[in-house]
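Here the structure comes first, spelled out in C-alpha cells, and everything after it is commentary.
The values are calculated or read from the model by the stated rules, or taken from the named source; none is laboratory data. Note that the structure is a prediction, hence the values are computed from the model and not measured. In this analysis, Cβ positions are derived from the backbone assuming ideal geometry, glycine residues included, and neighbour counts consider all displayed protein chains.
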Amino acid sequence: MVLWLTLKEKSRSLIHLFLPPSLHNLYAVAVNLHRGKILGVTYTIPPFSESGMVLYNSISEHPPWLRNGPSTDNMASVRAASRLLPKRILSKTKAVPAAAVHGSRNFHFSIYGKKKNAQVSNDISTQYPVVDHEFDAVVVGAGGAGLRAAFGLSEAGFNTACITKLFPTRSHTVAAQGGINAALGNMEEDDWRWHFYDTVKGSDWLGDQDAIHYMTEQAPAAVVELENFGMPFSRTEDGKIYQRAFGGQSLKYGKGGQAHRCCCVADRTGHSLLHTLYGRSLRYDTSYFVEYFALDLLMENGECKGVIALCMEDGSIHRFRAQNTVIATGGYGRTFFSCTSAHTSTGDGNAMVTRAGLPCQDLEFVQFHPTGIYGAGCLITEGCRGEGGILINSEGERFMERYAPNAKDLASRDVVSRSMTIEIREGRGVGPDKDHVYLQLHHLPPQQLATRLPGISETAMIFAGVDVTKEPIPVLPTVHYNMGGVPTNYKGQVITYTDGADKVVPGLYACGEAACASVHGANRLGANSLLDLVVFGRACALTIAEEHKPGEKLSPLKPTAGEESVANLDKLRFANGSLRTSEVRLNMQKTMQAHAAVFRTGSVLKEGCDKMDAIYQTMDDLKTFDRGIVWNTDLVETLELQNLMLNAVQTIHSAEQRKESRGAHAREDFKDRVDEFDYSKPLQGQEKKPFDQHWRKHTMSYVDPKTGKVTLEYRPVIDHSLDEQDCARVPPAIRSY
Amino acid sequence: MSLLRFSASVSRRLLWKSAAGESVSTGCSRAASGAVSDKEPLKKAKTPQGRFDLPEEKSKDVLEKFPDDVNPVTKEKGGPRGPEPTRYGDWERKGRCVDF
C-alpha cells in the first residue's frame, strides 16, 4: 500500500530539521507500507512528470548521495532511484517511456546545457568542481532587454544561453506599469524626428544623439513588432494602437503642442511586455540557466570570453565560454535606502564590468521621485498634492510654504524633493529615526479622495499601514531609475574611451537599464525606458548577427580563468568577521540616502564620500552564517552587497566631482548647467570653453576593487546624429518646459 | 527511514486531530444554538466540506471595468481601468505613481 503525503507548509518546516538541504524542496512523499513496515520511500520535488510519479528531469535534482557521479545518462539516475523502490512501484516506472524520463524539455534545470559540451574540470579548485559550457552567445539577465537579445540571437541561429538569477517573468521589468513611447502617428500626425528632439531635450543634452536617433527611428517598428508577438496594446475605435499624451512629448520640435505617443496595455505594460517576450523566446532554442548568479566576466587581453556563474540550486560553478556576451542585468536602485526597485536590483552587470577593469558611465545621474512610501518604496502620485494634499514635518508645519511661497506643494518635483531632504537634514523629520516626512490627506473630504483618487486608501493601507482618511502617509524621496551604466555605442557594443577615441571592447555588449548608450542622458523621460529595452536588446542581437556567424570557433581561454571569482566566493562563504551583511548594507543605504540623494552640495557629498570609503573598508570584516553551498542566500546576498558597494562608491564620487546641475543631478552650490558655451545668451562672440572646463561630458568611472579607490575620466557627448541629412542634430539650448 | 515514518505518522495524527476538532466544534454549535438563539448564532467554522455552500463574496475592485472594456470618453479599447492614469502628469494607478 502506498501512502502519499503532500507536505503542508507546517510539516515542511518541521521536516526541514531532519532532512539534508538538498531535500528542502520536498513536495510530497510516497511511503510504501506493508504491515506497518516501510518497504520503500520515494519523494518528489517539482516539477512532476506526466504520470505524477517520481521522476528527476536531470541529475541536478538528485541529492548528492543519489548521484552516480558526473554521468550524463538519465537512465542511470532512474536506475539509482529504482533501487529505492519496491517491486510494485518499480513496475510502474518501467512502464513509463524513456522519453518521459528525459523530460519534456531540458530548458530549466539541465545542468549540462547541450550535453555534448558539458565537462567537469578540476582546474580551478578541487573543492569547487567547475562545469564548462560553450555557446555562441551568452546573455546575462532575463528582463525585457535580456529576453529580447536572447531570442533575437536564437532567431539568427546562434546557440544562446540566458543566465539569470531570477525566473525571467520575475525580473523587475514586470513592475513597469507605464506605457511605451513610439511615433506611430495614430492619434495625430507624428514624426519620429519630433520624438528625437523631445528625448534630446529631456536628456539635458547629455544624451548621445546618434543613439537617440537610432532609438526613436526604430521605435514604431519595435512597437509594431511587439504587437505582432502578441502584446495586447489598447486600441482606438479603428483598431489602431491607442496613444496618449505622456512624458514631455511634443509636436513640431516643441512648438506644436502636446504629442500623443504613449502606447500601453491596460494597467500593466511592463508585465505584458515581459510575458510576451518570454512566451516568444520559448519558440526558439535558447538554453535558460535560471537561478544562476553571474559572478564575473572572463576577460583575457581586454577581450570578453564569457561568464562564470554560480548555480544557486546546487552550488556548482559554471563557466560559459562564448564569443559574445550581452549584459542586461538592470539597475542598482538598492544602493539607496528608499527605492522603487526590487530587492534584486543590485547592479550586478555594472559591478562585473568594473571588476574587469572597464569603466561605468554617468552613474551620478539617478532619478528621484519626491513622495515614495517610507519602507515600502512605492511612489505616491503627484495627484495627491494636486488634489490638495500637503507635506508636513515633525512640527506639523506645511514646510513647502517656506521653500516655494507661490507654488507651495505644487512646486516641481526636484524642488519638493530638495525641500523634504533639507527638512530631514535639519532635524524636523518624523518617525523614530527622524528620516522622513508626512503627506497629509485626511483634511480632504473622503468622498473627494474616493472619486478623484480611487484606490489610494487601499494603497496606503497595504503599503504604509495607515488609514488615509485619518493618518498621514510617511514619505521620503525615492530612487526610481538609474540613467547611468555600462557605456555602449548605438549598436550596443561596450566601449572604453582611450586616447581621445571610443574603443570597442571585443565580445562584450550591453542593453537595457544596465547599459548607458546614453539615450536618457541626465534625465529619463517617462515611457522611454521600456522602448530603450526592446530597441537596444534587438540592436545587440543584430550587431552580433552582423559581425559573427553561428558556430564560430571560440578563442582559447586559460584553464584557470575565473579563479579569482571562485576565491572571492570561497572567502565570503567562510567569512568570519564581526559585521553582518545586513548591517553593512543598511549603513551603505542610509549613507547614500543621506548624502547622495536629492540634496547635493559640496560639503554633504564630500562627507558622504569619506563615509562610503570607510564603509567600503568594512567589507573586509563581514560575517556570514551559512557555510553550505546549496542555495546559500547569505552568500548570494553578500555577493550582491559587493556589487552594490562598487556602484555606490562610483555614484557618490562622480556626483561629488561634477560641479554643475544638470537633469537629475542638482547641486545647491552649483545651480547652473556649465556647457562649452553659455546657451542662455547669443552665441556670437562667445569663446568655446576647453573640454576640461565645462561639464557637458560623460563621466567614466573606474574602481580598484581591492582598495575602493575611484578614478574618474571624461568622455565627450556625441552630438551628431546617424544621418545629418535625414535627421539634423539638435544644438544645445536652455532646457525649459 | 524511521524519521520519515515518524513524520508520516505525525501528519496522519494531525489530520485525524483536525477532523476530530471540526466535528467537536460543529457539535458544540448545534448543542448551544438552542440556548443562544436570541443572540447572534455562533459562526460555523469554514470547513473544507462547507466551502462551496456560502455564495462567495466577490471582492470589489476600486477600479471598475468599463462596459465591453471600452472607455466611453476616449473610446479606447482595452485601456487602463478607472480614471485616466496620466491626468496628473505622471502615470498613476490606485494612488501609486508608476512612471513620471
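A:Val730 - would you say it is touching a Leu at 6+ places or on another chain (Cβ under 7 Å) and either at positive phi or of a type outside the set (D, E, K, R) (or both)? Walk me through it before giving the result.
Details: touching a Leu at 6+ places or on another chain (Cβ under 7 Å): no; either at positive phi or of a type outside the set (D, E, K, R) (or both): yes.
So A:Val730 does not fit the description; no.
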Go through (1) at the interface with another protein chain (Cβ under 7 Å from one of its Cβ atoms); (2) closer than 18 Å to A:Ala450 by Cα; (3) at pLDDT 90 or above and name the single condition B:Gly78 misses.
(2)
Is it fair to say A:Ala376 is in contact with a helix residue (DSSP H, G or I) (Cβ under 8 Å, 6 or more places away or on another chain) and either at pLDDT below 95 or not aliphatic (A, V, I, L, M) (or both)?
yes
Within the stretch A:654-666, residues assigned to a helix (DSSP H, G or I) and more than 13 Å from A:Val366 (Cα to Cα) come out as A:Glu656, A:Gln657
Hey, any hits in the stretch A:244-254 for a residue that's over 20 Å from B:Val73 (Cβ atoms) and among the charged types (D, E, K, R)?
yes
Scan the stretch A:148-175 for residues that are of a type in the set (A, V, I, L, M, F, W, C) and within 14 Å of chain B (Cβ to nearest Cβ) and jot them down.
A:Val174, A:Ala175
Among residues of the stretch A:176-195 being more than 25 Å from the chain's Cα centre (by Cα) and closer than 28 Å to A:Asp362 by Cα, the residue farthest from the other protein chains (Cβ to nearest Cβ) is A:Arg193
Residues (closer than 21 Å to A:Val326 by Cβ, assigned to a loop (DSSP other than H, G, I, E, B) and in contact with a Phe, Trp or Tyr (Cβ under 8 Å, 6 or more places away or on another chain)) located in the stretch A:465-490:
A:Met483, A:Gly484, A:Tyr490
Only one of A:Ser721, A:Ser701 that is out of contact with any Pro (no Cβ under 7 Å at 6 or more places or on another chain) and either surrounded by 12 or more Cβ atoms within 10 Å (Cβ to Cβ) or part of a loop (DSSP other than H, G, I, E, B) (or both):
A:Ser721
Run A:Thr354 past the list (1) out of contact with any Pro (no Cβ under 8 Å at 6 or more places or on another chain); (2) buried (at least 24 other Cβ atoms within 10 Å of the Cβ); (3) among the hydroxyl-bearing types (Ser, Thr, Tyr); (4) more than 14 Å from chain B (Cβ to nearest Cβ) and report the number of the one that doesn't hold.
(1)
Taking A:Ile212, is it crowded, with 24+ Cβ neighbours inside 10 Å, aliphatic (A, V, I, L, M), within 14 Å of chain B (Cβ to nearest Cβ) and in contact with a helix residue (DSSP H, G or I) (Cβ under 6 Å, 6 or more places away or on another chain)?
no
For the stretch A:325-337, check the following and say yes or no: at least one residue is modelled with pLDDT of 95 or more, more than 16 Å from the chain's Cα centre (by Cα) and more than 14 Å from chain B (Cβ to nearest Cβ).
yes
Residue check for A:Ala501: within 14 Å of chain B (Cβ to nearest Cβ), at negative phi and surrounded by fewer than 24 Cβ atoms within 10 Å (Cβ to Cβ):
no
Taking the stretch A:560-593 and keeping residues modelled with pLDDT of 95 or more and acidic (Asp, Glu) leaves A:Glu583
Got at least one residue in the stretch A:705-712 being more than 30 Å from A:Thr581 (Cβ to Cβ) and assigned to a loop (DSSP other than H, G, I, E, B)?
no
Step by step: first the residues of the stretch A:377-411, then only those that are among the small types (Gly, Ala, Ser) and more than 10 Å from chain B (Cβ to nearest Cβ), then the one that is farthest from A:His436 (Cα to Cα). Which residue is that?
A:Ala407
Can you name every residue in the stretch A:218-244 that is buried (at least 17 other Cβ atoms within 10 Å of the Cβ), within 11 Å of another protein chain (Cβ to nearest Cβ) and either closer than 11 Å to A:Ala183 by Cα or more than 26 Å from the chain's Cα centre (by Cα) (or both)?
A:Ser234, A:Arg235, A:Ile241, A:Tyr242, A:Gln243, A:Arg244
Hey, any hits in the stretch A:667-684 for a residue that's out of contact with any Lys or Arg (no Cβ under 6 Å at 6 or more places or on another chain) and not in a loop (DSSP other than H, G, I, E, B)?
no
Of the residues in the stretch A:245-264, those that are at the interface with chain B (Cβ under 10 Å from one of its Cβ atoms), surrounded by fewer than 24 Cβ atoms within 10 Å (Cβ to Cβ) and either in contact with a Phe, Trp or Tyr (Cβ under 8 Å, 6 or more places away or on another chain) or charged (D, E, K, R) (or both) come to A:Gly248
Could you tell me how many of the residues in the stretch A:402-427 are under 23 Å from A:Glu471 (Cα atoms) and touching a strand residue (DSSP E or B) at 6+ places or on another chain (Cβ under 9 Å)?
9
A:Leu449 over 29 Å from A:His595 (Cβ atoms) and within 14 Å of chain B (Cβ to nearest Cβ)
yes
Can you say whether A:Leu310 is aliphatic (A, V, I, L, M) and farther than 25 Å from A:Lys491 by Cα, as far as the supplied structure shows?
yes
All but one of (1) of a type in the set (Lys, Arg); (2) more than 21 Å from A:Ala517 (Cα to Cα); (3) within 27 Å of the chain's Cα centre (by Cα) hold for A:Lys688; state the number of the condition that does not hold.
(3)
Residue among A:Thr478, A:Thr469 that is modelled with pLDDT of 95 or more and in contact with a His (Cβ under 7 Å, 6 or more places away or on another chain)
A:Thr478
For the stretch A:197-216, what are the residues that are in a helix (DSSP H, G or I) and within 25 Å of the chain's Cα centre (by Cα)?
A:Thr199, A:Val200, A:Gly202, A:Gln209, A:Asp210, A:Ala211, A:Ile212, A:His213, A:Tyr214, A:Met215, A:Thr216
